[in-house]
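Comments concern the structure below.
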Amino acid sequence: DGTIRFESVAFRYDADRPILKCVSFEVPAGRTVAIVGPSGAGKSTVSRILFRFYDVAGGRVTIDGQDIRDVTQASLRHAIGMVPQDTVLFNDTIAYNIGYGRVSASREEIVEAARLAQIDGFIANLPLGYDTEVGERGLKLSGGEKQRVAIARTILKSPPILVLDEATSALDTHTEKEIQAALGVVSRGRTTLVIAHRLSTIIDADEIIVLEKGEIVEKGTHHVLLASN
Ligand code: ADP
Ligand code: ADP
């Protein structure tokens, strides 16, 4: 389960400027769909609507057939995991950052999530340049390592739905490839919505949607879109 459907969605922040105009697409349960488009196209707005930070002005959004207006924000946050472009960490250990908000998570579960995200070598270290009471100096994490912490959080949370909003856009090409591979493992079997401004950052999407100025201008597979652009 976890099928997401946008049906003729219209949205505007300000009365005089439509941001999404009749946007319709589906992310079938367990599949990966990517939304690509230039900055300002409305991609992140799609993700904000999914979390119900805003409600749509026209059309509707459903998850497994249920209108999300009938779902609380808390249960949406529970069902949807999000990896943003820049993961903000607490000035505490990596284990704390992975387990934050998961009061029921055991130490073993946190360590296992860290292992799967390949950040376990750092597990007891502090993410920032931070002096502990014993005067130890923590590590400063790179962008890629921070994304691995976000991935470990997602593994621990194990949500049916995953939103990756420019999750690798801030990384250098080599690190981007590594993090994409890790995200590929996490997204397997989950309903995944990938948001990116470059087609080249998309790997393995079942369908790619091109959004421009709030309208879907193209839908297709990787091969088809690469051939036509
Ligand atoms: P993308 O993610 O494709 O870069 P966004 O969804 O962030 O695009 O934004 C789409 C449009 O909505 C942009 O023109 C942006 O300036 C505008 N916008 C975003 N957030 C707000 C807001 N809170 N109030 C008014 N306009 C906004
Ligand atoms: P978690 O549930 O992973 O402990 P939070 O309680 O911080 O994380 O947030 C709940 C969910 O909402 C998470 O998947 C998080 O990434 C997502 N979320 C938080 N802030 C935003 C935002 N500004 N835009 C989109 N999603 C967000």
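The values are calculated or read from the model by the stated rules, or taken from the named source; none is laboratory data. On a predicted model such as this, the values are computed, not experimentally measured, just so you know. A quick note on method: Cβ atoms are made from the backbone with ideal geometry, for glycine too, and the neighbour counts reach across all protein chains shown. Note: areas computed on protein heavy atoms with side chains; ligands, DNA, RNA excluded. Shrake-Rupley method; radii C 1.70, N 1.55, O 1.52, S 1.80 Å.
The set of residues in the stretch 161-172 being away from ligand 2 (no atom under 12 Å from the Cβ) and either surrounded by fewer than 19 Cβ atoms within 10 Å (Cβ to Cβ) or assigned to a strand (DSSP E or B) (or both) consists of 169, 170, 172. Exactly one residue among 113, 150 is at pLDDT 85 or above, assigned to a helix (DSSP H, G or I) and farther than 23 Å from residue 172 by Cβ, and that residue is 113. No other residue among 39, 44 is touching a His at 6+ places or on another chain (Cβ under 7 Å), open to solvent by 10 Å² or more (accessible area, probe 1.4 Å) and within 16 Å of ligand 1 (Cβ to nearest atom) apart from 39. Residues in the stretch 12-23 that are under 25 Å from residue 72 (Cβ atoms) and open to solvent by 10 Å² or more (accessible area, probe 1.4 Å): 12, 13, 19.
Among the conditions (1) out of contact with any helix residue (DSSP H, G or I) (no Cβ under 7 Å at 6 or more places or on another chain); (2) within 15 Å of ligand 1 (Cβ to nearest atom), residue 11 misses just one, which is (1).
Among the residues making up the stretch 47-81, those that are in a helix (DSSP H, G or I) and within 13 Å of ligand 1 (Cβ to nearest atom) are 47, 48, 49, 50. Any residue at all in the stretch 70-89 that is hydroxyl-bearing (Ser, Thr, Tyr), surrounded by 14 or more Cβ atoms within 10 Å (Cβ to Cβ) and away from ligand 2 (no atom under 11 Å from the Cβ)? Within the stretch 70-89, not a single residue is hydroxyl-bearing (Ser, Thr, Tyr), surrounded by 14 or more Cβ atoms within 10 Å (Cβ to Cβ) and away from ligand 2 (no atom under 11 Å from the Cβ). In the stretch 30-49, the residues that are within 12 Å of residue 212 (Cα to Cα) reach residues that are within 16 Å of ligand 2 (Cβ to nearest atom) and of a type in the set (Val, Ile, Thr) with C-beta atoms within less than 7 angstrom, at least six apart or across chains, in these pairs: 35/46; 35/195; 42/19; 43/35; 43/195. Among the residues of the stretch 29-56, those that are β-branched (Val, Ile, Thr) and farther than 18 Å from residue 206 by Cα comprise 45, 46, 49, 56. Checking each residue in the stretch 173-229 for being open to solvent by 20 Å² or more (accessible area, probe 1.4 Å), charged (D, E, K, R) and free of Cβ contacts under 8 Å to residues at least 40 places away in the same chain picks out 177, 178, 188, 218.
Look at (1) open to solvent by 50 Å² or more (accessible area, probe 1.4 Å); (2) modelled with pLDDT under 95 and you find that residue 64 fails only one, number (2).
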